[in-house]
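Asks: Attaching a single structure in structure tokens format; questions to follow.
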Amino acid sequence: MKILILAGGLSPERDVSKKSSSLIANALLSKGHEVAVVDLYEGIEDDKDIMSIYKKGMDDLYDYTIPEEEPDLDALVEKFGRKEWLGPRVIEACKTADSVFLGLHGGQGENGQLQALLDGYGIAYTGSGYFGCAIAMDKDISKAIIASKGLKTAKWITAPAEEMTLEFVKNEIGIPCAVKPIGCGSSCGVSIVKTDDEFNKAIEYAAKYKQDVLIEQFITGREITIGVVNDKALPIIEIIPHEGFYDYKNKYQAGLTTHVCPAKFTPDQTKRASELAVKVFKALRMRAYGRIDFIYDEKIDDFYFIEANNLPGMTSTSLVPEAAKEMGIGYEDLCERIAMSCGKTSI
């Protein structure tokens, strides 16, 4: 098969995406496919033969290292001289592929905009459709849907950054709290505010992503994540950062976080958490595969929904590949299954 992987994009998570996509590409090359990786924002040069971008075999592998700091998108726009998120000839390139693998994270690649565009051209792609992506990516909407189903999620408020005053937040939510942009993943823009003095810095950090800000009650407990494939839950992973919380650096720099898989829960707790993940997955109209994050509160023996990931990371430290491996599905096989599921509800 010819498989084109869309990567990068004009997103705070472009570096994570490029790392995921390089590993996905190498996995698919090892399975005998012809593979190309195209940056959604950078696109393809006008004078380049599109068919020449496909690689074959294992002699010329992809490689990318995630920097410790998030990318400077303003500098990227200045370099290329345009703000449009769709690069030149991207759609033309997608039409040459048997399968378009979305290796994107965040931004237009994960919020449903790209999915709607590809639908308009009749191009099949991996992962959830545009509607599931749109509601899963918006933390305010996804929490509202989950709360309407009677499932637990931390109390929250959403407003433009300039309206988030310390007095307002203390009255509505209290301190400590979690501050985050409503539409970013990979913990971009996320802060845990434990004191009044930390509040303004957290708001400034979230505001730089030019989205409304969501502030939610800080729930003390064990952080877990559950991959869902074909409406079935993968083994639970508990996430234990060595310092601080599971922020951008702790997620993508090897050795900074311990993953326990399968997480140590009783059979009853495991069953409840797994069923809850599938309920959330379906409620948010996700399809094929994704990942759901929770906090387990030991005081009440229950799970709080945090957020959903409709294009979860596929790096060497990512969670869905780790959970799939626990079930006997190797990384190369997982990538191939996802690529072969292009446009379908199952893998």
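The values are calculated or read from the model by the stated rules, or taken from the named source; none is laboratory data. Only a predicted model underlies this, so the values are computations on that prediction, with no experimental measurement involved. Cβ sites come from the backbone with ideal geometry, for glycine too, and all protein chains shown count toward neighbours. Side chains are part of the model used for accessible areas, which takes the heavy atoms of the whole protein and leaves out ligands, DNA and RNA. Shrake-Rupley method; radii C 1.70, N 1.55, O 1.52, S 1.80 Å.
Asks: Can you give the direction-averaged projected area of the convex hull of the alpha-carbon atoms in segment 129-194, in nm²?
Replies: Numbers: hull surface 21.1 nm².
Directional mean of the projected Cα hull area for segment 129-194 stands at 5.3 nm².
Asks: Kirkwood Rh, Cα Rg: Rg to Rh for segment 1-92?
Replies: On the way: Rg = 13.6 Å, Rh = 13.9 Å.
Radius of gyration relative to Kirkwood radius: 0.98.
Asks: For the chain, what is the accessible area per residue in Å², given a 1.4 Å probe and the full set of protein chains?
Replies: Details: 15240 Å² over 347 residues.
Per-residue value: 44 Å².
Asks: May I pose another question? Would you calculate, for the chain, the mean residue ellipticity at 222 nm contributed by helices, counting each DSSP H stretch of 4 or more residues as -39,500 (n - 2.57) and dividing by all residues, to the nearest 500? Numbers along the way, then the final one.
Replies: Details: 12 runs with 112 residues, N = 347.
The per-residue figure over the chain is -9000 deg cm²/dmol.
Asks: Here is a further query. Taking θ as phi - 60°, what are the ³J(HN,Hα) couplings along segment 196-212 by the Karplus curve (6.51, -1.76, 1.60), each to the nearest whole Hz, with x for Gly and Pro?
Replies: 4, 5, 8, 5, 4, 5, 5, 5, 4, 5, 5, 5, 5, 8, 6, 9, 4
Asks: Next question, about the same structure. Estimate the FRET efficiency between Lys282 and Asp197 by the formula 1/(1 + (r/R0)^6), using the beta-carbon distance for r and 45 Å for R0, to the nearest 0.05. Don't skip to the end; give the middle numbers.
Replies: Working: r = 42 Å, r/R0 = 0.93.
E between Lys282 and Asp197, to the nearest 0.05, is 0.60.
Asks: Out of Trp156, Ile123, Gly107, whose Cα points farthest toward the positive end of the dipole of the chain (charges: +1 Lys, Arg; -1 Asp, Glu; placed on Cβ)?
Replies: Of the options given, the answer is Ile123.
Asks: Quick check for me: using +1 on Lys/Arg Cβ and -1 on Asp/Glu Cβ, what's the dipole size of segment 25-98 about its Cα centre, in debye to the nearest 20?
Replies: On the way: 9 positive and 19 negative charges, 87 e Å.
Value, rounded to 20: 420 debye.
Asks: Right, another one. Relative to the longest principal axis of the C-alpha atoms of the chain, give the angle of the C-alpha long axis of helix 267-283, reported between 0 and 90° and rounded to the nearest 10°.
Replies: Its long axis makes an angle of about 60 degrees.
Asks: Keeping the other protein chains in place, figure out the carbon and sulfur percent of the accessible area of the chain, with a 1.4 Å probe.
Replies: So the carbon and sulfur contribution to the accessible surface is 49 percent.
Asks: Counting pairs of alpha carbon atoms under 8 Å apart in space and at least six apart in sequence, what relative contact order in percent does the chain give?
Replies: Working: 764 pairs, mean separation 67.7, N = 347.
Over the chain, the number comes to 20 percent.
Asks: Follow-up. What order, most packed first, do the peptides 118-126, 9-17 have when packing is the mean number of other Cβ atoms within 10 Å of each residue? Don't skip to the answer; put the middle values down first.
Replies: Values: 118-126: 16.1, 9-17: 26.6.
Sorting 118-126, 9-17 by mean packing, highest first, produces 9-17, 118-126.
Asks: Would you please give the residues with an amide H less than 5 Å from that of Lys55, counting only those at least 5 places away or on a separate chain, with H modeled from the backbone geometry?
Replies: Residues meeting the amide H criterion: Val35, Ala36.
Asks: Next question, about the same structure. If each residue of separation counts as 0.36 nm, what is the full-extension length gain between Thr96 and His259 once their alpha-carbon separation is subtracted? Mind showing how you got there, number by number?
Replies: Details: separation 163, 0.36 × 163 = 58.68 nm, distance 3.88 nm.
Gain on stretching Thr96 to His259: 54.8 nm.
Asks: Given the peptides 266-273, 288-295, arrange them by the average over their residues of other C-beta atoms within 10 Å, most packed first. Please list the in-between numbers first.
Replies: Working: 266-273: 13.1, 288-295: 24.1.
Packing proxy ranking, top to bottom: 288-295, 266-273.
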